[in-house]
Each structure stands twice: as C-alpha cells, then as structure tokens.
Amino acid sequence: MKIFNKFSLLLFSTILLFSCSEDKLEQESIFVDKNVDKNELDKYIEKTYTNDYNIAILYKFVEKESDLDYNLSPASYESSVRMSKLLFHLGIEPYDKITGSKKFIKSYFPKLLNYIGSPAYRNNGTFVLGTAEGGVKITLYLLNKLDENTGKDVKFLNYYYFHTMHHEFAHILHQTKGYPASFEQITGSGYVGDSWNDIYTNDKSAAEVGFISPYASKEPNEDFVETYSYYITLSPTEWNQRIGSGGEAGKALIEAKLDIVRTYFQNIWNIDLDELRDEILARQADLANFDQTSLN
C-alpha cells in the first residue's frame, strides 16, 4: 500500500508539472489595484482630512474595522457628510486656531475615524457612544440619528459625538505626556473601578464626591479626560451648574482637578483651555448658520 501511494503521488506530480508547463503565462499581473471612482464625500475627506492631517475616515461599513460583538449597521451617506463637516468645524479647526497651525492635530489626532450608523447595544440595554483603539482610531456610533434637526442641537451633538471625541483625544495626549500625580491624589480613595455605574447613578451623586460624571469615578485617567472634555464643551453656566449640583465640597474637589488639567494643557501643550472653550462655544452658537451638507 505504501509503495502504491508513493508511486501514485509521483505520477500525479509528473502530470501536474507537465500540465503546468504547457500553460502560457500572461505578462501582466492579475493583482492590480483597480481605480475606484470617488464620490463627493471621498474627495472632501481626502482634501480636508487626509492631505492636511493624514487622517482617514471610514464611512462605508468595513467589517474588520468594526466590533463584531455588536449587531451594527452602516452609516448613511447623508449622516456621514454631516459628521465629516461638523467634526472638522467643531473638533479640528478649533485646535488649529488656538495652536496657530495644523501641526498639533496632524501629530496627535487619531489617524482613523470609523463611522457606524447604529448604536452598539450592550446586554444590559445600555449602548456605547464611542470607542478608541491604541490612540490611532476612534469609532463613533449612532450616526444615523444625525439629521437636519439634531445637527443643530448642541446638547445632542456633545452627548453622542463630541464629548466622546474630545475625551478620546485627551487620552492620547496624556498617554504621550503624562499629567501630574497630584491629580489622582485629590479624590484618590474615591475611584471605584468598573462599579462606577452601580455606585453613582447620576451626575449629582458623582459631583457630591468630586467627579464631573459617574464615569470619571472609574479611575484617574478617565477622570482626567472627563474633566477636560466636559469643560471645553459646556458653557460657563452649564459647567457651574454641573459641578455645583453636588454641593460645595464636591465642587471644590472638581475645581482643584480642573486647575491641574488647565495647567497641564498650558504648560505641556501651550493650549489655553479657556481660549479653546471660547472658540468651541462660538462655533456651537453659530450652528444654525453652518452649512452641514455642501461639499464644495
């Protein structure tokens, strides 16, 4: 049996070799990149994001770039246009203006933005607003809720998109250059890890013990970026209402942490948080006049 198998294998290999030798090989490779026609959004992304900042945007659903733990759907073309315009207006240009160039965003902003149309629902009924991976990618969910009305609703935009974007961007910055250890010491015994959602059920209960949000109580890094992202997206009135909702003791703790965040951005990144906030708020206030659909 072994002899027969070896002989058969040898005979088959000889036939295969002979057959292959008769084939005529083409001079041109079959592995050639095809030219794909670019639509108006593709051209806008290339011109506005890729050429100047080396940032790519995925708005056509790419399975390998999506979290397969969730049942997700693609973002619509219309919502992708709105998000691309809004993100540049509210999330990119303010940094350019405050820093005086495009270098800061080009150097540190994530290089891949991934748009998902649907929410990413967890088993407990809550859903993910956004995720970041290794400082190079941010995924934004629920884009199909973005339309003519919600696109002008500042609270909606901040809650679902821009608070997340600034939050994740701040993670990249503090991972690049760390913030002072004194920040953690202000509410050091108050961090509760993954139990944050069970212990602090609303903003007021978190503010009472010195956290700007329930999620900020998870651990110091989240506390740092939550403090930052809320400060630059809320008006002074909204900020004071939020930190004052938990009483004077909690307010004092949050203000002490804000002082460290403010000093860190000024000394390390040469960014004045109040100037950045003023720029973002001015753009938010003018959303009614901002064209979210034209790609010219």
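The values are calculated or read from the model by the stated rules, or taken from the named source; none is laboratory data. Every value quoted in this text rests on a predicted model; they were computed, and no experiment measured them. Cβ coordinates were reconstructed from backbone atoms using ideal geometry, including for glycine residues, and neighbour counts include every protein chain displayed.
In the set T293, T237, T227, T233, only one residue is closer than 20 Å to D96 by Cα and either in contact with a strand residue (DSSP E or B) (Cβ under 8 Å, 6 or more places away or on another chain) or of a type in the set (S, T, Y) (or both); that residue is T233. Of all the listed residues (V209, V225), the sole one being aliphatic (A, V, I, L, M), in contact (Cβ under 8 Å) with a residue 12 or more places away in the chain and farther than 20 Å from L276 by Cα is V209.
Can you list the helices (runs of 4 or more DSSP H) found entirely within region 163-214 that contain at least 1 residues being touching a Ser or Thr at 6+ places or on another chain (Cβ under 6 Å)?
Helices (runs of 4 or more DSSP H) meeting the threshold: 163-176, 196-199, 203-207.
Name the residue that is farthest from L143 (Cα to Cα), counting only residues in region 39-69 that are at pLDDT below 95 and among the aromatic types (F, W, Y). Looking at residues that are at pLDDT below 95 and among the aromatic types (F, W, Y), I get F61. Among the residues of region 129-146, is there at least one that is within 26 Å of D52 (Cβ to Cβ), surrounded by 16 or more Cβ atoms within 10 Å (Cβ to Cβ), at pLDDT 90 or above and touching an Asp or Glu at 6+ places or on another chain (Cβ under 8 Å)? No, the conditions are met nowhere in region 129-146.
Please work out if S213 is within 19 Å of the chain's Cα centre (by Cα) and buried (at least 19 other Cβ atoms within 10 Å of the Cβ).
In short, yes.
If the condition is being crowded, with 18+ Cβ neighbours inside 10 Å and among the aliphatic types (A, V, I, L, M), then region 229-251 contributes I232, L234, I243. When you check I254 against the structure, is it in contact (Cβ under 8 Å) with a residue 40 or more places away in the chain and either surrounded by fewer than 18 Cβ atoms within 10 Å (Cβ to Cβ) or on the phi < 0 side of the Ramachandran plot (or both), yes or no? For I254, the condition - in contact (Cβ under 8 Å) with a residue 40 or more places away in the chain and either surrounded by fewer than 18 Cβ atoms within 10 Å (Cβ to Cβ) or on the phi < 0 side of the Ramachandran plot (or both) - is met. Selection of region 188-206 for residues being under 27 Å from I138 (Cβ atoms) and either among the hydrophobic types (A, V, I, L, M, F, W, C) or surrounded by 15 or more Cβ atoms within 10 Å (Cβ to Cβ) (or both) yields Y191, V192, W196, Y200, D203, A206.
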